[in-house]
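Values in this text are rule-based calculations from the coordinates and carry no lab data. These numbers come from a predicted model, not from an experiment. Positions of Cβ are generated from backbone atoms using ideal geometry, with glycine treated the same way; all protein chains shown enter the neighbour counts.
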Amino acid sequence: MGLKKNKVAIVGTGLVGSSTAFSLLTQGVCDEILMIDINEEKALGEVMDLNHCIEYLNRNTKVLRGSYERCSDVDIVVITAGAPPKSGQTRIDTLELSARIVESIVNPIMKS
């Protein structure tokens, strides 16, 4: 009987997503982190940054750039993507757009 591997997908690699990934990494609470972003280069940059610090944290966590299709076996999906408020807007003002963004993320993940 082997140990269960915990896998987390983080959708959105901005400040919240990358901070969440770093926190998971430093706490050692999962074995694999998938970083997903509409901007694949941004996701890759965050993955590279996190992988550079793994050696100093003494962790065996895998940090990879992911995709919705690779979420079929994840234990937790953290969605940090959303519509940023423009000048003078509140988060409530962006709620409808953020809901559409979340829906566009959840649907392909559920299909995987």
Practice problem: Sum -39500 (n - 2.57) across every DSSP H segment of at least 4 residues in the chain, then divide by the residue count to get the 222 nm mean residue ellipticity, nearest 500. | Solution: -14000 deg cm²/dmol
Quiz item: What is the gain in length, in nm to one decimal, between SER72 and ASN6 on full extension, counting 0.36 nm per residue of separation less the C-alpha to C-alpha distance?
Solution: 22.5 nm
Exercise. Could you tell me which helices of the chain pass both thresholds, a Cα extent of 30 Å or more along their own axis and a mean Kyte-Doolittle hydropathy of at least 0.5, with helices taken as whole DSSP H runs?
Key: none
Quiz item: Points 7 angstrom from Cα along the Cβ direction at ILE38 and THR94: gap in nanometres?
Solution: 1.1
Quiz item: Projected onto the charge dipole of the chain (+1 at Lys/Arg Cβ, -1 at Asp/Glu Cβ, origin at the Cα centre), which of HIS52, SER23, ILE76 gives the Cα projection farthest towards the positive end?
Solution: ILE76
Exercise. With a cut-off of 20 Å, note down the residues of the range 30-61 whose backbone N falls inside the zone around a label point 7 Å from the Cα of SER112 toward its beta carbon.
Key: 30-51, 61
Quiz item: Within the range 22-43, what residues put their amide N at less than 16 Å from the label point 7 Å along the Cα-to-Cβ vector of ILE54?
Solution: 22-36
Exercise. Determine one quarter of the surface area of the Cα convex hull of the chain, which equals its mean projected area, and express it in nm² to one decimal.
Key: 8.0
